[in-house]
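Enquirer: One structure follows; several queries about it will come next.
The values are calculated or read from the model by the stated rules, or taken from the named source; none is laboratory data. All values reported here derive from a predicted model rather than from experimental measurement. Cβ sites come from the backbone with ideal geometry, for glycine too, and all protein chains shown count toward neighbours.
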Amino acid sequence: MTDWGTYLETMRSQAPLVQNITNYVAMNVMANVMLAAGASPAMVHDEAESGEFAAIAQALTVNIGTLSPHWLRGMEAAARATREAGKPWVLDPVAVGATALRRSAGARLLALKPTVIRGNASEVLALAGADAAGKGADAADSVAAAEDAACALALQTGGVVAVTGAQDFVTDGDTAWRIDNGHPLMPRITVMGCSLTGVVGAFLVGQDALPATVAALAYYGLAGERAGAAAQGPGSFQPAFLDALYTLGPDDVTRGVKVTQA
Amino acid sequence: MTDWGTYLETMRSQAPLVQNITNYVAMNVMANVMLAAGASPAMVHDEAESGEFAAIAQALTVNIGTLSPHWLRGMEAAARATREAGKPWVLDPVAVGATALRRSAGARLLALKPTVIRGNASEVLALAGADAAGKGADAADSVAAAEDAACALALQTGGVVAVTGAQDFVTDGDTAWRIDNGHPLMPRITVMGCSLTGVVGAFLVGQDALPATVAALAYYGLAGERAGAAAQGPGSFQPAFLDALYTLGPDDVTRGVKVTQA
Amino acid sequence: MTDWGTYLETMRSQAPLVQNITNYVAMNVMANVMLAAGASPAMVHDEAESGEFAAIAQALTVNIGTLSPHWLRGMEAAARATREAGKPWVLDPVAVGATALRRSAGARLLALKPTVIRGNASEVLALAGADAAGKGADAADSVAAAEDAACALALQTGGVVAVTGAQDFVTDGDTAWRIDNGHPLMPRITVMGCSLTGVVGAFLVGQDALPATVAALAYYGLAGERAGAAAQGPGSFQPAFLDALYTLGPDDVTRGVKVTQA
């Protein structure tokens, strides 16, 4: 039986420097989430330095939330440099089906073979070329409806795909896991998914992508459960969530995960 | 007698997708405010996709807080597409009198006839072409001093103008309302006005602009009263405010509004 | 003996309008920190208006956290205008040693002779041309190791250099001070240093740069001590910190500072 808490322990012992090119909405919360978890985030996006910085960082995350053609060039430079250096990177394809710019960005970044793709069901469906219902950042499709698309994407990229929602689904195209940790308040707070992408990036450093992603999602959902139990609403949830990410230890994760092989 | 709570109820039943082109300072808080209120915010700004996305969204808000010429092009494309589609949009003319770029942006966006303009007294005075004292984001003029300018602007655009401050003033150039909800801590927290603009945008979907704006302001101020009563300062105010936006129901609004016809 | 609280009192009595060109991660928190302290922040960055706005503002802060060539032009225009008008400005050289773009930006901004430079030890070492260990936003060198570099930089610019960490070191190249206020949780929260830069900028208006900077750091660290005593982790620290900045008075500062001449 997997001791899921060891993935958190290993991540913390490394305090990995993770470069994040994310959207303007997520920047602050993502950095705080990663610091609370025990990683060292750095937000470096411009094409004038994003590839150069990727040589220093131990992992990369790319999120297309508030996209522009200029930022897309910085994302591609960083992803290319990270991939060429044999380091892991995570793609977060926010609202990838909504506009031509996003569909094009999704295809270009997919070609750089992300180690992990983390998105909601509508985003994973759109990225896989299927019809998706979601228009904004919120999913309008069920996670179950995106399982086949997730497997197909994983086989196409040779990486891992994580579809997150009330129940998460994580697969490398061969094996798959379901994670039931989480709290109903989480969709009522912005950038919870974007910030999770950073935690996944930190867990990937020096660890196998599939179980590391599962462990990251379970740890994150468990922190959400703790925060949700203490919160009066989405406002008080947020400080409680950062406190939980900070205080949860490997043993708490091992005991608290709700993970099953699919 | 108007049942003001029904405007909140209708907004929540629709959970409208609202596109927001706002400043970097406001992005995260505005998204959380709108999610807590019950709307679905999407931050999509670049001219490469802002007009295309406007076809999907049900309303638009535009805020010139951290302006640049590039973003202004994205704002105009989105406002034009929203207006052509007959959907509502809100203009938030942050510090519009402070620089030539802002005065020009104000004039260009005004020509696209916003459904609602929401600003502080100094901004409404500057937008109307009057001398205004405010230089930064904070108002240096009283709401009362901006009432004539608000009426003139409303007649010029054919829309609604909301001047917010200790007492709010809302008019379509014909009828006018005053709203006394709110709390003295609110000006000590950044982007409270910017985030309110998003809530106004959500209330406009499928509802009459004048009463919907009044109801949005009263609901927002009422949440501020609740948060202020629980807060020890501007830090603890913020989570309490999101919790209040989330937990306040239509009946609370109907009972708690302090609205009078001017 | 210096009455350090008077620097806070003078700052609050002026509520100075401070222009900040900072990174995307810091914008919201920095604005809230400055409002809670009693200043009036304005975020205006684009070269199309940054120099023009500098004529209105009473001080400027520049932070290169999420740098791009375009923003660098806006920073230089604002710093030049501020300097020519004889008003104070603060440089925050985030991760200045990490990439060629940052090294170039550091050199260009240094040539505009900032009134105060505030950075961590690795950043001050890199800016002074020494070998530094830090790669991201976190310092990997001790404050003590950067004291000589700080003095050299102060003599080079004719300004003040503040190296912040567990113990802060502030010098004008002649006299030096050490500040021991602060809390161990502070490095686990993002943009605490960036936001401090804004507070320093507000304290500089109409006050001597060296003691005003020492007073700003002591006040900020004291607020951190209060918040840390009340917090369960980095999440609950944040609202408590803003509340402490807001409620601490000049007398609290005078009594609570831990300042010694070096």
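Enquirer: Which number in (1) within 26 Å of C:S195 (Cα to Cα); (2) more than 9 Å from chain A (Cβ to nearest Cβ) marks the one condition that B:Y24 misses?
Expert: Checking B:Y24 against (1) within 26 Å of C:S195 (Cα to Cα); (2) more than 9 Å from chain A (Cβ to nearest Cβ), the one that fails is (2).
Enquirer: Still on this model: When you go through C:A212, C:A218 one by one, which is the residue that is touching a Phe, Trp or Tyr at 6+ places or on another chain (Cβ under 9 Å) and closer than 19 Å to C:P41 by Cβ?
Expert: Residue meeting the stated conditions: C:A212.
Enquirer: List the residue pairs whose Cβ atoms are under 6 Å apart, where the first residue sits in the range B:205-224 and is touching a residue at least 40 places away in the same chain (Cβ under 8 Å), the second is part of a helix (DSSP H, G or I) and of a type in the set (G, A, S), and the two are 6 or more positions apart or on different chains.
Expert: Matching pairs, first to second residue: B:L222/B:G256.
Enquirer: Just checking, which of C:A262, C:A176 is of a type in the set (A, V, I, L, M, F, W, C), at pLDDT below 95 and under 25 Å from C:A140 (Cβ atoms)?
Expert: C:A262
Enquirer: Provide a single number: the residues in the range A:127-140 that are surrounded by 20 or more Cβ atoms within 10 Å (Cβ to Cβ), more than 14 Å from chain B (Cβ to nearest Cβ) and among the small types (G, A, S). Spell out how you get there, then give the answer.
Expert: Keep residues of the range A:127-140 that are surrounded by 20 or more Cβ atoms within 10 Å (Cβ to Cβ), which gives A:127-128, A:132, A:134, A:136-137, A:139.
Subset that is more than 14 Å from chain B (Cβ to nearest Cβ): A:127-128.
Among the residues that remain, those that are also among the small types (G, A, S) are: A:128.
Going through the range A:127-140 one residue at a time, the tally reaches 1.
Enquirer: Kindly provide the set of residues from the range B:72-110 that are more than 19 Å from B:D172 (Cα to Cα) and charged (D, E, K, R), ordered by number.
Expert: If the condition is that a residue be more than 19 Å from B:D172 (Cα to Cα) and charged (D, E, K, R), then B:R73, B:E76, B:R80, B:E84, B:R102, B:R103, B:R108 are the ones that fit.
Enquirer: Something else: For the range A:209-231, give me each residue that is within 11 Å of chain C (Cβ to nearest Cβ) and β-branched (V, I, T).
Expert: Across the range A:209-231, there are no qualifying residues.
Enquirer: Being farther than 16 Å from C:D168 by Cα and over 14 Å from the mean Cα position of the chain (by Cα), is that true of even one residue in the range C:216-225?
Expert: Checked against the condition, which is being farther than 16 Å from C:D168 by Cα and over 14 Å from the mean Cα position of the chain (by Cα), the range C:216-225 yields no hits at all.
Rundown of residues vs (1) closer than 23 Å to B:M1 by Cα; (2) of a type in the set (K, R), yes/no style:
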site: B:T190; (1), (2): no, no
site: B:A218; (1), (2): yes, no
site: B:Q232; (1), (2): no, no
site: B:G235; (1), (2): no, no
site: B:T247; (1), (2): no, no
site: B:D251; (1), (2): yes, no
site: B:R255; (1), (2): yes, yes
site: B:A262; (1), (2): yes, no
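Enquirer: Just the residues that are within 14 Å of chain C (Cβ to nearest Cβ) and small (G, A, S), please, taken from the range B:66-90.
Expert: Scanning the range B:66-90 gives B:S68, B:G74.
Enquirer: Under the condition of being away from every other protein chain (no Cβ under 14 Å) and among the aliphatic types (A, V, I, L, M), which residue from the range C:242-262 is surrounded by the fewest Cβ atoms within 10 Å (Cβ to Cβ)?
Expert: C:A262
Enquirer: Please list, ordered by first then second residue, the pairs with beta carbon atoms under 9 Å, 6 or more apart or interchain, first in the range A:123-139 and more than 18 Å from A:V161 (Cβ to Cβ) and at pLDDT below 95, second among the acidic types (D, E) and crowded, with 20+ Cβ neighbours inside 10 Å.
Expert: A:A133/A:D141; A:A137/A:E123
Enquirer: Can you say whether B:A152 is more than 14 Å from chain C (Cβ to nearest Cβ), assigned to a helix (DSSP H, G or I) and surrounded by 20 or more Cβ atoms within 10 Å (Cβ to Cβ), as far as the supplied structure shows?
Expert: no
Enquirer: What number of residues within the range B:95-122 satisfy the criterion of being in contact (Cβ under 8 Å) with a residue 60 or more places away in the chain, touching a Leu at 6+ places or on another chain (Cβ under 8 Å) and not small (G, A, S)? Walk me through how you get there before you give the answer.
Expert: Within the range B:95-122, the subset in contact (Cβ under 8 Å) with a residue 60 or more places away in the chain is B:115-116, B:118-120.
From the residues that got through so far, the ones that are touching a Leu at 6+ places or on another chain (Cβ under 8 Å) too are B:115-116, B:118-119.
Cutting the leftovers down to not small (G, A, S) gives us B:115-116, B:118.
So the answer is 3.
Enquirer: Something else: What are the residues in the range B:50-81 that are among the β-branched types (V, I, T) and closer than 19 Å to A:L101 by Cα, if any?
Expert: Step one: of the range B:50-81, the residues among the β-branched types (V, I, T) are B:56, B:61-62, B:64, B:66.
Correct list: B:I56 only.
Enquirer: Same structure again: For residues that are more than 17 Å from B:L91 (Cβ to Cβ) and more than 7 Å from every other protein chain (Cβ to nearest Cβ), tally how many sit in the range B:45-57.
Expert: Here is the first cut: in the range B:45-57, the ones more than 17 Å from B:L91 (Cβ to Cβ) are B:46-49, B:52-53, B:55-56.
Those still in the list that are more than 7 Å from every other protein chain (Cβ to nearest Cβ) too: B:47, B:55.
Matching residues across the range B:45-57 total 2.
Enquirer: Right, another one. Filter the range A:91-126 for residues that are away from chain B (no Cβ under 14 Å), in contact with a Lys or Arg (Cβ under 9 Å, 6 or more places away or on another chain) and not β-branched (V, I, T); which is surrounded by the most Cβ atoms within 10 Å (Cβ to Cβ)?
Expert: The qualifying residue surrounded by the most Cβ atoms within 10 Å (Cβ to Cβ) is A:D92.
Enquirer: Follow-up. Looking at C:A162, C:A166, which is the one that is farther than 19 Å from C:A36 by Cα, modelled with pLDDT of 95 or more, away from every other protein chain (no Cβ under 14 Å) and not in a helix (DSSP H, G or I)? It would help to see each step written out before you state the result.
Expert: Working: C:A166 fails: modelled with pLDDT of 95 or more.
After applying the criteria, what remains is C:A162.
Enquirer: If you don't mind, there's one more thing I want to ask. For C:N63, which of the numbered conditions (1) in contact with an Asp or Glu (Cβ under 6 Å, 6 or more places away or on another chain); (2) crowded, with 23+ Cβ neighbours inside 10 Å; (3) within 14 Å of chain B (Cβ to nearest Cβ); (4) more than 15 Å from C:L196 (Cβ to Cβ) fails to hold?
Expert: (4)
Enquirer: How do the pairs read when you match residues in the range A:70-94 that are of a type in the set (D, E) with residues anywhere that are not in a helix (DSSP H, G or I), using Cβ under 6 Å and keeping only pairs 6 or more apart or on different chains?
Expert: Pairs found: A:D92/A:N63; A:D92/A:R118.
Enquirer: Residues to consider are C:V33, C:V29; find the one that is within 23 Å of A:A26 (Cβ to Cβ) and at the interface with another protein chain (Cβ under 7 Å from one of its Cβ atoms).
Expert: Exactly one of C:V33, C:V29 is within 23 Å of A:A26 (Cβ to Cβ) and at the interface with another protein chain (Cβ under 7 Å from one of its Cβ atoms), namely C:V29.
Enquirer: When you scan the range B:205-230, how many residues do you find that are surrounded by fewer than 23 Cβ atoms within 10 Å (Cβ to Cβ) and more than 25 Å from B:G159 (Cβ to Cβ)?
Expert: Summing the residues that are surrounded by fewer than 23 Cβ atoms within 10 Å (Cβ to Cβ) and more than 25 Å from B:G159 (Cβ to Cβ) in the range B:205-230 gives 5.
Enquirer: Given the criterion touching a Lys or Arg at 6+ places or on another chain (Cβ under 6 Å) and within 13 Å of chain C (Cβ to nearest Cβ), identify the matching residue among B:P234, B:P239, B:P184.
Expert: B:P234
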